[in-house]
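Report on the following structure.
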Amino acid sequence: MKNHTSFKIGGKARLVVFPENENQIAEIVKCANENGVRLIIMGNGSNMLFCDEDIEALIMIIGKKMSKIELVDDCTVYAEAGASLMKLCRFALENGLSGLEFAYGIPGNCGGAAFMNAGAYGGEMKDVLVKCSHIDKNGEKGFLEGEDMNLSYRHSAYYSNGCIITGLYLKLAKDKSRQEIKSKMEELLSKRKEKQPLEYPSAGSTFKRPEGYFAGALIEECNLKGKRVGGAQVSTKHAGFVINAGDASCKDVLELCDCIKKTVKSQKGVELEMEIRVTR
């Protein structure tokens, strides 16, 4: 799975499938249920850490084969779950639609962004996301919209309902010129490149933002920048990122994260919670 995650970490999976549409996802879910097979859903793996051992599961990767994006009306965009956020942002720009500038540069796909209510620089998916289509745990089609999606900080109803997001409906705005939208996108992308360790494999921000604090600042104040366990390291560029500095294992990352959590709790009295999804 190291070949399918941004962390470049993970053992071998028993079976991997790449569905091309909702009907195939439904059939795969039903087949897995009928045969008692564990099913793991992922997009481009930008927020996942797989264990080092072989993974006894069927892994469904919703990616480029499900990446269609189209206009529903003047300000509503439909995007399949496998489309990248970068592609979605560029589509919005091409159609003179604002509201997604914050997402430009987030290295995930649309399904994952909705699942975790991805956000950055003061914006979140909940600001523009109005509806999600899905396949439920029984292999049936359905959707959630509005408050039923239960969008909050790095959370949605999809964390616990067992449904697989297949598409997103986003309400954007025609309140800015294409040049204004493009300038904002380029500004935020420049900030990412300047402040984040994009040159190393990672899963993005390692910890959620504790209420009233910033995880990266707390970690830096505890003098943990550069702290290393095996091939895993706290970035010297941004302490909120644990990076794969060279052939890191899942064990290395988890040991380092445990050290960070204990140190921050001891020195700052703040409990850090992992933002990365760990899959064993």
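The values are calculated or read from the model by the stated rules, or taken from the named source; none is laboratory data. If you're wondering where the values come from, they're calculated on a predicted model, not measured in any experiment. Cβ placement follows ideal geometry from the backbone for every residue including glycine, while neighbour counts extend to all protein chains displayed.
Below, the figures for the structure above:
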| read-out | value |
| --- | --- |
| Selection count, the stretch 122-146, where residues are small (Gly, Ala, Ser), outside any strand (DSSP E or B) and surrounded by fewer than 15 Cβ atoms within 10 Å (Cβ to Cβ) | 2 |
| Test result for LEU168, of a type in the set (A, V, I, L, M), over 22 Å from ASN44 (Cβ atoms), in contact with a strand residue (DSSP E or B) (Cβ under 7 Å, 6 or more places away or on another chain) and outside any helix (DSSP H, G or I) | no |
| ILE243 vs. criteria more than 30 Å from ALA26 (Cα to Cα), in contact (Cβ under 8 Å) with a residue 40 or more places away in the chain, out of contact with any Asp or Glu (no Cβ under 8 Å at 6 or more places or on another chain) and surrounded by 18 or more Cβ atoms within 10 Å (Cβ to Cβ) | yes |
| Subset of the stretch 18-47 (residues that are modelled with pLDDT under 95 and either assigned to a strand (DSSP E or B) or in contact with a Pro (Cβ under 7 Å, 6 or more places away or on another chain) (or both)) | SER46 |
| Residue among SER177, SER156 that is out of contact with any strand residue (DSSP E or B) (no Cβ under 6 Å at 6 or more places or on another chain), assigned by TED's automatic domain parsing to the domain that holds ALA113, of a type in the set (Gly, Ala, Ser) and touching a residue at least 60 places away in the same chain (Cβ under 8 Å) | SER177 |
| Cross-chain or 6+ apart pairs with Cβ under 9 Å, the stretch 13-38 first and under 18 Å from PHE143 (Cα atoms) and free of Cβ contacts under 8 Å to residues at least 60 places away in the same chain, then crowded, with 17+ Cβ neighbours inside 10 Å and of a type in the set (S, T, N, Q) | ASN21/THR166 |
| Residue identified as aliphatic (A, V, I, L, M), within 30 Å of ASN33 (Cβ to Cβ), crowded, with 17+ Cβ neighbours inside 10 Å and not assigned by TED's automatic domain parsing to the domain that holds GLY45 among ALA81, ALA92, ALA103 | ALA81 |
| Filter pass, GLY10 being in contact with an Asp or Glu (Cβ under 8 Å, 6 or more places away or on another chain), buried (at least 17 other Cβ atoms within 10 Å of the Cβ) and of a type outside the set (A, V, I, L, M, F, W, C) | yes |
| Options VAL29, VAL37; residue that is surrounded by 14 or more Cβ atoms within 10 Å (Cβ to Cβ), more than 17 Å from the chain's Cα centre (by Cα) and under 30 Å from LYS251 (Cα atoms) | VAL37 |
| LYS87 at pLDDT 95 or above, charged (D, E, K, R) and either part of a loop (DSSP other than H, G, I, E, B) or assigned by TED's automatic domain parsing to the domain that holds PHE7 (or both) | no |
| Meets criteria (more than 24 Å from HIS4 (Cα to Cα) and in contact with a Pro (Cβ under 9 Å, 6 or more places away or on another chain)) for GLU271 | yes |
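Here is a yes/no grid of residues against (1) within 25 Å of GLY63 (Cα to Cα); (2) in contact with a His (Cβ under 8 Å, 6 or more places away or on another chain):
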{"residue": "SER133", "(1), (2)": "yes, no"}
{"residue": "ASN150", "(1), (2)": "yes, no"}
{"residue": "TYR158", "(1), (2)": "yes, yes"}
{"residue": "ILE164", "(1), (2)": "yes, yes"}
{"residue": "LEU170", "(1), (2)": "yes, no"}
{"residue": "MET185", "(1), (2)": "yes, no"}
{"residue": "PRO201", "(1), (2)": "yes, no"}
{"residue": "GLY204", "(1), (2)": "yes, no"}
{"residue": "PRO210", "(1), (2)": "no, no"}
